Amino acid sequence: MAKKVAVLAVNPVNGSGLFQYLEDFYENHIPYEVFAVAPSKDIKTNSGIALTVDGTIDSLKGRSGEYDALVFACGDAMPVFAANADKPYNIDLLEVVREFAQAGKILIGHCAAALVFEKAGATQGRRVTLHPMAKPAIVKGCATDQAVEVDGPLFTARDEHAIGELLPYVEKALK
């Protein structure tokens, strides 16, 4: 049986990235639920498409045992993360990523996902790739210029254009 995935979507989420994960999971019969990193289940893509997802980040706290992997779908909200770091949903984001990492779950993401993994303490000694502008923020892990990095439980793609290269590795780990 396929493993179950929790997908985190910021508001606004990069629709291109989010939909690549969801379509792949659907086509490969990998069960998933989507959680908004926001105060409500109603979010939008960066192109304005309205979405209602399965839950909010606060409802995922303490539930890492129900899932085998966590996907962080990046979006336009990341450039302003520092300005909103004190918001409850961003505090919950780091808590959930930390919980999944400490439980040894697979962490998957693109663009600034490795930065979130770093802030949650999950990159120690691991290779990750991420958007070149965020690369200097990686100090505990090793940021590379590769399109895709898979190092232990961390599966990262530089940006949404590299997700297609990452997905075969993800599928293999989740089937």
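The values are calculated or read from the model by the stated rules, or taken from the named source; none is laboratory data. Note that the structure is predicted; figures quoted are calculated from it, not measured. Positions of Cβ are backbone-derived with ideal geometry, glycine not excepted, and every protein chain shown enters the neighbour counts. Surface accessibility is based on the protein's heavy atoms, side chains included, excluding ligands, DNA and RNA. Shrake-Rupley method; radii C 1.70, N 1.55, O 1.52, S 1.80 Å.
Any chance the range 53-72 includes a residue that's touching a residue at least 60 places away in the same chain (Cβ under 8 Å) and open to solvent by 20 Å² or more (accessible area, probe 1.4 Å)? The answer is yes, given that some residue of the range 53-72 is touching a residue at least 60 places away in the same chain (Cβ under 8 Å) and open to solvent by 20 Å² or more (accessible area, probe 1.4 Å).
Residue count for the range 103-139, restricted to those that are at positive phi, without any contact (Cβ under 8 Å) to a residue 40 or more places away in the chain and hydrophobic (A, V, I, L, M, F, W, C): 0. Taking (1) under 20 Å from residue 110 (Cα atoms); (2) out of contact with any Ser or Thr (no Cβ under 8 Å at 6 or more places or on another chain) in turn, residue 50 satisfies each apart from (1).
Output yes when any residue across the range 19-38 is in a strand (DSSP E or B) and farther than 18 Å from residue 116 by Cβ, and no when none is.
Step one: filter the range 19-38 for residues in a strand (DSSP E or B), giving 32-37.
Now narrow it down to the ones that are farther than 18 Å from residue 116 by Cβ: 32-33.
Looking for residues that are in a strand (DSSP E or B) and farther than 18 Å from residue 116 by Cβ, one finds at least one in the range 19-38, hence yes.
Residues that are within 17 Å of the chain's Cα centre (by Cα) and modelled with pLDDT of 95 or more were ranked within the range 67-88; the one that is nearest to residue 11 (Cα to Cα) is 72.
Being aliphatic (A, V, I, L, M), over 13 Å from the mean Cα position of the chain (by Cα) and part of a strand (DSSP E or B) is true of residue 43.
Exactly one condition in (1) of a type outside the set (Phe, Trp, Tyr); (2) in contact with a helix residue (DSSP H, G or I) (Cβ under 8 Å, 6 or more places away or on another chain); (3) farther than 21 Å from residue 122 by Cβ; (4) surrounded by fewer than 21 Cβ atoms within 10 Å (Cβ to Cβ) is not met by residue 38; state its number. Failed condition: (4).
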